[in-house]
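Below you'll find the structure, written out as structure tokens, and then a few comments.
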Amino acid sequence: MTTYRERLTAPISWWLTAAAFAVVWGWILLVATTWPIAIATTAIVAVFCLYGVWRYGSLLVAVDPALLRAGAAVLDAAHLGEVEVLHRADYRNRLGVGADARAHLVTRPYLDRGVLVRVDDDSDPTPYWLIASRHPEALAAALGHTGPTKEVPHVEEVQEG
């Protein structure tokens with residue numbers, strides 16, 4: 001029985017960009033060759049680009065009583081530690097200067113929030129998993145998180161000068 005399931009998919013802008021890329025290649029070949037070659041090139045490039053967007057952009061995150069699945073990686077429920085909901089600033093910090101190089105990242109560039117799941121296993125060198133999610137509160141709740149989920153507003157510093 002799955003308690004949480006989310007399929008992360010690439011945004012529409014990625015699909016449109018892939019299609020536009022194929023059309024541009026078709027146009028370039030139309031100028032240099034014939035219509036059939038240009039159309040065939042457009043179709044071939046479109047297939048490869050759209051497949052690439054689908055393959056990279058599609059990721060399953062699922063939680064059931066026995067495990068956490070994020071893409072191809074699986075973490076047993078017995079090793080689930082503390083769960084923290086991360087919104088924009090905290091999430092970006094954990095991807096940048098606040099990151100641990102040993103962490104397992106399941107992120108996508110089109111998402112700017114997620115959860116941090118600590119790994120409670122002394123034999124595992126991975127300190128935590130950072131998982132991107134469109135619904136981090138629901139994912140954290142499925143993992144047993146009961147703490148606050150309120151987003152802390154990001155305050156920008158103004159330099160005087």
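Derivation of every value follows stated rules applied to the coordinates shown; laboratory data play no part. No experiment lies behind these values; they were computed from the predicted model shown. Note: ideal-geometry Cβ built from the backbone for every residue, glycine included; neighbour counts use all protein chains shown.
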Item to complete: For helix 12-32, report the angle its Cα long axis makes with the longest principal axis of the Cα atoms of the chain; keep it between 0 and 90° and round to the nearest 10°.
Response: 20 degrees
Item to complete: Please give the residues of the stretch 82-102, grouped as numeric ranges, whose backbone N is less than 12 Å from a label point set 7 Å along the Cα-to-Cβ vector of Thr126.
Response: 102
Response to the item:
Rg from C-alpha atoms of the stretch 63-135, normalised by the globular rule of thumb 2.2 N^0.38 Å, equals 1.04
Item to complete: Determine, for Glu82, Glu6, the number of other Cβ atoms within 10 Å of each Cβ, and report the residues in order from fewest to most.
Response: Glu82, Glu6
Practice prompt. Please work out how much length the chain gains when fully extended from His135 to Leu50, using 0.36 nm per residue of separation minus the C-alpha to C-alpha distance, in nm with one decimal.
Written response: 28.1 nm
Fill in: Pairwise Cα inverse-distance average, inverted: Kirkwood Rh of the stretch 5-48 (Å)
11.2 Å
Fill in: the chain - Rg and Dmax from Cα coordinates, angstrom
20.7, 64
Worksheet entry | Spacing of the two label points (7 Å from each Cα toward its C-beta) at Ile12 and Trp35, in nm | 3.1 nm
Worksheet item: What nm value, rounded to one decimal, do you get for the distance between Ala101 and Arg88 when each label is placed 7 Å out toward the C-beta?
Response: 3.1 nm
